[in-house]
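The values are calculated or read from the model by the stated rules, or taken from the named source; none is laboratory data. The structure displayed is predicted, hence computed values, not measured ones. Quick reminder, even Gly has a Cβ in these numbers, built from the backbone with ideal geometry, and neighbours come from all protein chains shown.
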Amino acid sequence: MAKKAGTKEATKKVARKAPPPELQPLQVHLYDVQGKIVGTVDLPPVFATDLRTDLIRRAVTAFASNRRQPYGSAPRAGMRHSVRWSGKGQGVSRVPRIRGTMIGAQAPGTVGGRQAHPPVTARIWGKKVNAKERRWARNAALAAIRDPQVVGARGHRFSSKTTVPVVVQDALEEIESVSEAVEFLEAVGVYDDVARAKAGVHVRQGRGKMRGRRFRRPRGPLLVVRDSAKVRQGFGNLPGVEVTTPAGLNAEVLAPGGDPGRLTIFSASALEALRGWAA
C-alpha cells in the first residue's frame, strides 16, 4: 500500500508559477496594482544618458540658490551711539569711544559695534545654468534611477525582486484612498522605503527649527503620473512620498540634495510621455 501511495504522490502535478520574462538592456517589468508582473516595458532612450553627477549637483545647487531670499542688516545697526574720536597722537588706539568714558563703541570689533562687512540686500543669490546643461542634468538623473545599485546606495529600501524604475499600469492613477496606496506600495515591494522615511523624521539642529523648518524629513519614493489629481489624495500624506507629472521632472526632484538615484514609480502613460525627450 505504501508503494502505491508513493506512486500516486509522484504522479501528482505540482502547479508552478511561470518564471518572469527575461529582461533585455533598458527593459523593466510592468506591474499591475496588485504587484503582479504582467509584461515588460522598454525604457525611453533618455534613460541611456551618461551619469554626470557634477552636472546634477550644479543644477540642484542652482535650484536651491534661486529660492534664497535676500537679507541684510539694518542700515544704522551698530551706529546708534554717541561717540567721540580723540584723533591721532594721544597714545591710545584710534577707536571711537562713548563720550565721557574710555569704552570703545560703534567700530567693528567693539561691543555693540557695527559689522565690518554686513550682508546687503543687493546681493544676487541666484545662479544661472545653461539650458542644455540643465536638460542634461535632468536626463542624467533619470538614467541614475534605473540602476539598482545607485538607488540602494542613496539609502532607499525596496525588494530585490523589484525592477527600477517601477512601471505600473495606468490603474495606478485611479488610487484615491490611503489604504489602497499602502496596499499597492506593499505589493510592489517599496513600502519599506516609506517606513524608513517615517522613522527618519527628526527635529532639525540649529536656528532653523525656530524659522519654520523644525523637522528634517527624508525623501522617499517619487510617483510620476499623467494626472496627479486623484493620486495626491492617496499618496500625498505618506511620509517621504512625492507625486509629480512628467512636466514637473527636474534634477532636484529626481536627485534631492544632488545625490542621484531616487526610487521612482511611473505609470505606463507617464513613462510613454518621455519617449520624445532627447537623450
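Contact map, segment 18-33: first residue surrounded by 12 or more Cβ atoms within 10 Å (Cβ to Cβ), second residue in a loop (DSSP other than H, G, I, E, B) and at pLDDT 95 or above, Cβ cut-off under 6 Å, separation 6 or more or different chains; pairs are LEU26/LEU43; VAL28/THR163; HIS29/THR163; ASP32/GLN169.
Rundown of residues vs (1) of a type in the set (S, T, N, Q); (2) in contact (Cβ under 8 Å) with a residue 40 or more places away in the chain; (3) touching a Lys or Arg at 6+ places or on another chain (Cβ under 8 Å); (4) more than 28 Å from ALA199 (Cβ to Cβ), yes/no style:
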position: GLY104; (1), (2), (3), (4): no, no, yes, yes
position: GLN115; (1), (2), (3), (4): yes, yes, no, yes
position: ALA122; (1), (2), (3), (4): no, yes, no, yes
position: VAL150; (1), (2), (3), (4): no, yes, no, no
position: HIS156; (1), (2), (3), (4): no, yes, yes, no
position: VAL164; (1), (2), (3), (4): no, yes, yes, no
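Being in contact with a helix residue (DSSP H, G or I) (Cβ under 8 Å, 6 or more places away or on another chain) and in the same structural domain as ALA141 (by TED's automatic domain parsing) holds for only one residue in GLY212, GLY248, GLY208, GLY261, and it is GLY261. What do you reckon, is GLU173 in contact with a helix residue (DSSP H, G or I) (Cβ under 7 Å, 6 or more places away or on another chain), closer than 23 Å to ARG52 by Cα and acidic (Asp, Glu)? In short, no. Selection over segment 232-243 of residues that are touching a helix residue (DSSP H, G or I) at 6+ places or on another chain (Cβ under 6 Å), outside any loop (DSSP other than H, G, I, E, B) and under 17 Å from LEU263 (Cβ atoms) gives a count of 2. Scanning segment 188-220 for residues that are assigned to a loop (DSSP other than H, G, I, E, B), of a type in the set (Gly, Ala, Ser) and without any contact (Cβ under 8 Å) to a residue 12 or more places away in the chain, we see that the one that is surrounded by the most Cβ atoms within 10 Å (Cβ to Cβ) is GLY206. For segment 166-181, the criterion of being free of Cβ contacts under 8 Å to residues at least 40 places away in the same chain and either closer than 22 Å to LEU271 by Cα or charged (D, E, K, R) (or both) is met by none of the residues.
Taken over segment 26-45, the criterion of being outside any loop (DSSP other than H, G, I, E, B) and either of a type in the set (Phe, Trp, Tyr) or farther than 16 Å from SER269 by Cβ (or both) is satisfied by GLN27, HIS29, TYR31, ILE37, THR40, PRO45. From the list ARG134, ARG138, ARG94, the lone residue that is more than 26 Å from ALA273 (Cβ to Cβ) and surrounded by 10 or more Cβ atoms within 10 Å (Cβ to Cβ) is ARG94.
The residue pairs whose first member lies in segment 65-91 and is closer than 23 Å to ALA122 by Cβ, whose second member is assigned to a loop (DSSP other than H, G, I, E, B) and among the hydroxyl-bearing types (Ser, Thr, Tyr), and whose beta carbons are closer than 9 Å, counting only pairs six or more residues apart or on different chains, are PRO70/THR121; TYR71/THR121; GLY72/THR121; GLY78/THR110.
Looking only at segment 221-228, decide whether some residue is under 22 Å from GLY39 (Cβ atoms), exposed (fewer than 15 other Cβ atoms within 10 Å of the Cβ) and modelled with pLDDT of 95 or more. No, there is no match, as no residue in segment 221-228 is under 22 Å from GLY39 (Cβ atoms), exposed (fewer than 15 other Cβ atoms within 10 Å of the Cβ) and modelled with pLDDT of 95 or more. Does ALA270 count as outside any helix (DSSP H, G or I), surrounded by 13 or more Cβ atoms within 10 Å (Cβ to Cβ) and of a type in the set (A, V, I, L, M, F, W, C)? Spelling it out, it is not the case that ALA270 is outside any helix (DSSP H, G or I), surrounded by 13 or more Cβ atoms within 10 Å (Cβ to Cβ) and of a type in the set (A, V, I, L, M, F, W, C).
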